[in-house]
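The values are calculated or read from the model by the stated rules, or taken from the named source; none is laboratory data. Everything numeric here is computed off the predicted structure, so don't read it as measured data. Cβ sites come from the backbone with ideal geometry, for glycine too, and all protein chains shown count toward neighbours. The area values use the complete protein model at the heavy-atom level, side chains included, leaving out ligands, DNA and RNA. Shrake-Rupley method; radii C 1.70, N 1.55, O 1.52, S 1.80 Å.
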Amino acid sequence: MKSTKRIIAMAASVAMLSAVCAGTSCDFGVGDVQSVAAADDCHDDWLHAEGNQLYDMDGNAVWLTGCNWFGFNVGSQVFDGVWSINMHDAIKGIADHGFNFLRVPVSTQILLQWMNDEPDPAEPKVNIYSNPELTGFNSKQLFNQAVEWCKESGIKIMIDIHSAETHAAGHNFALWYNDKYSTEDLYTALEWFADYYKDDDTVLAIDVKNEPHGTANTPNDMAIWNDDYSDPRNWKAVAETAASRILAKNPNLLIMIEGIEVYPKEDSTWESLHVDYTTMYYYYYGTWWGGNFRGAKDYPIDLGKYQSQLVYSPHDYGPLVYDQTWFHDGEFTFDSLMDECWRDNWFFIYENNMAPLLIGEWGGFMDDGPNQHWMECIRDLIKQNHLNHTFWCYNENSGDTGGLVYDNFGKWDLDKYALVKPSLWQTDDGVFVSLDHQKGLGENGISVSKYYADGNNLIGSSGATTTPATTTTTPVTTTTTTPVTTTPAPVTTTTAKVTTTAPVSQTTSATVISPAKLYGDLDGNGVVEMTDLTLLSQYLIHDITLTEDQLLYADVTGDSDVDISDMSHLKQYIMLEKIILGPQK
């Protein structure tokens, strides 16, 4: 039986720690207070894992139900959208809509920049008229302010290293290092961040690296998963080392470990070719970037005495991001998704009580078709099993998915929110629940203490399918399904500011800057890039119309029709795959 109300026994410690926290903020850089345990508003919300469930310090189950908001990772030096909206109001709006957890993409570069108190390479994209209180703030101060405002609203934070370098397309790089930032730089940056926030439980978790990926087509840039700790590509080794160094600074943080892209089939090794083009036999099981945990069956992550802080974090997307084989031209079901993708790639972790899951990215456009059906299926999986998750994304300027808001971040997409809302932690009466013991979530939410004081129970309540068990890291031997023979295109595009997004219920005409000269160049600027992909995706879901010239150059497959195959083809081209656009292909 788990102990309860342990915080009562800590009453004598509160006075000792009164200098550590004041109001809604905590003092960063003070001495280590772990020895007196959690007894104040800066140290009472740490979480840990038992089996496939997360618990608070009182032994009560919790549910992380959040969203992503990017910007710090792409060069904006702040959340995207603060170029228009008030950041404080946006954070309060996220809380009021029931999101209790915020995944914040950053880079190794920006953390090292903050660590060394270096100036921003560019002025933060902050609209001072909308945010007069942020006048003169640098990116580090802006992030600290966001932490304070999240604390005020009952939101907890997880950073994720989205890329080594601050870059709008940084997520496309397969590994956690490049020619500018090494694996050691990653460790150093994460150590510093963990230490800096060790006395503020607003920052609950670190996602060590976003979407490690790569295939044998580029073997030097292929993330692998095995027990060879001498291979610099070995994601398992890097993840374990990073976790060890983070937890040495703050043993209370949750460590999110993502998957990779491919894993060798039983008759293959990491030295095998990607595919035999004579027979079209693929030597690897493939799935979404960050979504392949087959290696965890054979080589589970080992955090030693800190195993209770491990959470596996897959990413998963629908057919508008890439038309995977398991989508069967839109003819798929919840059960077929489970059998052909989810179970063998990552859901086995939950089913076998290995560790909790947090689906770090899922989301997409509302198309009234297959993509929306997929969103409903994974939403139901999340709800039925109380899977932790962070929806991708708040930003409207995600080329692959769109966001929870539109109209230059000014309005909420009520249709998309209605789809996501059932997957948020709330009471039977629809009151949202925070992960904080003292603050409710947003304007009308309640704290986790209030939730349990009122007699609620997450485990065993409506929708729960399993109960927590003793933590185990024993390798699992589950059966595999039909081999996947497609290699996915990149996921979770973070683009520069897009100004053509229209409300979901509105049809507008796209703006043409000049006549298009290249197939795929829909905005006519002479370059085929993510803004063109965004325009095409908006056209396909009927958000905008395209001119005759734009439709001509949108037909990148050359089949005289503009459809989802053109979006897939254009996406592959933008992601540097060597394909040809237009009829000449």
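Put simply, of 79, 143, 137 the only residue that is surrounded by 24 or more Cβ atoms within 10 Å (Cβ to Cβ) and at pLDDT 95 or above is 79.
Taken as a whole, the structure places residue 163 among residues that are open to solvent by less than 10 Å² (accessible area, probe 1.4 Å), under 20 Å from residue 260 (Cα atoms) and polar (S, T, N, Q). Annotation note: of 185, 201, the sole residue that is over 21 Å from residue 400 (Cβ atoms) and open to solvent by 40 Å² or more (accessible area, probe 1.4 Å) is 185. Do we find that residue 46 is open to solvent by 10 Å² or more (accessible area, probe 1.4 Å), in contact (Cβ under 8 Å) with a residue 12 or more places away in the chain, within 21 Å of residue 149 (Cα to Cα) and in contact with a Lys or Arg (Cβ under 6 Å, 6 or more places away or on another chain) in this structure? Taking the combined requirement at face value, the residue does not satisfy it.
I'm trying to understand the selection: among the residues of the range 413-429, which are open to solvent by less than 50 Å² (accessible area, probe 1.4 Å) and either part of a loop (DSSP other than H, G, I, E, B) or modelled with pLDDT under 95 (or both)? Of everything in the range 413-429, those that are open to solvent by less than 50 Å² (accessible area, probe 1.4 Å) and either part of a loop (DSSP other than H, G, I, E, B) or modelled with pLDDT under 95 (or both) turn out to be 413, 424, 425, 427. In the range 313-331, the qualifying residues are those that are open to solvent by less than 30 Å² (accessible area, probe 1.4 Å) and touching an Asp or Glu at 6+ places or on another chain (Cβ under 8 Å), and the one that is farthest from residue 533 (Cα to Cα) is 313. Flag set for residue 535, criterion: part of a helix (DSSP H, G or I), in contact with a strand residue (DSSP E or B) (Cβ under 8 Å, 6 or more places away or on another chain), modelled with pLDDT of 70 or more and open to solvent by less than 50 Å² (accessible area, probe 1.4 Å).
Scanning the range 330-365 for residues that are over 21 Å from residue 101 (Cβ atoms), among the hydrophobic types (A, V, I, L, M, F, W, C) and either under 19 Å from the mean Cα position of the chain (by Cα) or part of a helix (DSSP H, G or I) (or both) yields a total of 7. Any chance the range 361-369 includes a residue that's in contact with a Pro (Cβ under 6 Å, 6 or more places away or on another chain) and surrounded by fewer than 24 Cβ atoms within 10 Å (Cβ to Cβ)? Looking through the range 361-369, none of the residues is in contact with a Pro (Cβ under 6 Å, 6 or more places away or on another chain) and surrounded by fewer than 24 Cβ atoms within 10 Å (Cβ to Cβ).
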